[in-house]
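A.B. asks: Below you'll find the structure I mean.
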Amino acid sequence: MWYVMQVTSGREGQTILMMEKSLSEGVLEKCFIPVRRMKKKYQGRWHEITEKLFPGYVFLITEKPRLLYDELKKLPAMTKLLGSCEEYFTPLSETDMDFLRKFQDLQDGVGLSRVTVGEKRQIRIIDGPLKNLEGQIKKVNLHKRIAAVEAEFMGSKSLIHLGIEIVDERF
């Protein structure tokens, strides 16, 4: 099952290193920070960069949640296990896990969606994570190469910003 731990924003990587050093072997199957690939323009050129999809959160995969919970309580980096009750914490729902699996390659993160821009700045998604999600796209910023997608995740609706790559630029 998958779980989510809230940590101090900017310390996600350090938290993972601390867990890898401190936790007993076999307690944690995998931990990761969901990332997205984006395009940013600087020095006159477009560069592909990687950003955290959910800053301040670390995702955990384990088959031993009670043992993991007991060991995580001892770590100073942990601020909050999401869905926790008094003595335990709850896994992500199947819907949330499917959402992450759909968008996120655990190695490479959420990739760029390739789009074309037609007359009157009409956007057509060629491929990538946004394919077949046209109805969920609430805003596209062509200048910044970002699409805002409305999605339900961890019990609430939010806008998730994903990167786009313009294949046929006509503006």
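A.B. asks: Using alpha carbons only, how many degrees (0 to 90, rounded to 10) separate the axis of helix 12-22 from the longest principal axis of the chain?
C.D. replies: 30
A.B. asks: Here is a follow-up. Can you find, among G44, L60, T90, the residue sitting farthest towards the positive end of the charge dipole of the chain, where Lys and Arg contribute +1 and Asp and Glu -1 at Cβ?
C.D. replies: G44
A.B. asks: I would also like to ask the following. If you put +1 on each Lys and Arg Cβ and -1 on each Asp and Glu Cβ, how big is the dipole of the chain around its Cα centre, in Debye rounded to 20? Display every interim value, and only then the final one.
C.D. replies: Values: 28 positive and 24 negative charges, 199 e Å.
Roughly 960 debye for the chain.
A.B. asks: For the chain, what is the accessible area per residue in Å² when the probe is 1.4 Å? Numbers along the way, then the final one.
C.D. replies: Working: 10070 Å² over 171 residues.
Ligands and nucleic acids excluded, the figure is 59 Å² per residue.
A.B. asks: Next question, about the same structure. If you rank T90, T15, T116 by how much accessible surface each has, with a 1.4 Å probe, what is the order from largest down? Don't jump to the answer; show the numbers that get you there.
C.D. replies: Numbers: T90 70, T15 5, T116 25 Å².
Ranked from most to least accessible, the order is T90, T116, T15.
A.B. asks: Please give, to one decimal in nm, the separation of the simple spin-label points placed at Y42 and K144, each 7 Å out from Cα toward the Cβ.
C.D. replies: 1.6
A.B. asks: Right, here's the next one. What is the dipole size for segment 122-171, taken about its Cα centre, with +1 at each Lys and Arg Cβ and -1 at each Asp and Glu Cβ, in debye to the nearest 20? Working shown, then result.
C.D. replies: Details: 8 positive and 7 negative charges, 35 e Å.
The dipole of segment 122-171 has a size of about 160 debye.
A.B. asks: Provide the per-residue ³J(HN,Hα) series for segment 116-128, in order, calculated from phi with Karplus coefficients 6.51, -1.76, 1.60 and θ = phi - 60°, each as a whole number of Hz, with x at glycine and proline positions.
C.D. replies: 10, 10, x, 4, 6, 6, 5, 9, 10, 8, 7, 6, x
A.B. asks: Here is a follow-up. At a 1.4 Å probe radius, carbon and sulfur cover how many percent of the accessible area of the chain? Kindly include the intermediate steps, with their values, before the conclusion.
C.D. replies: Values: 4630 of 10070 Å².
Looking at the chain in its full context, I get 46 percent from C and S.
A.B. asks: Taking the dipole about the Cα centre of the chain, with the C-beta of Lys and Arg at +1 and of Asp and Glu at -1, give me whichever of L23, Q104, L72 is farthest to the positive side.
C.D. replies: So the residue furthest toward the plus end is Q104.
The values are calculated or read from the model by the stated rules, or taken from the named source; none is laboratory data. Values in this document were obtained by computation on a predicted structure and should not be read as measured data. Glycine also receives a Cβ, built like all others from the backbone with ideal geometry; neighbour counts cover every protein chain displayed. Please note that ligands, DNA and RNA were not included when accessible areas were found on the heavy atoms of the full protein model with its side chains. Shrake-Rupley method; radii C 1.70, N 1.55, O 1.52, S 1.80 Å.
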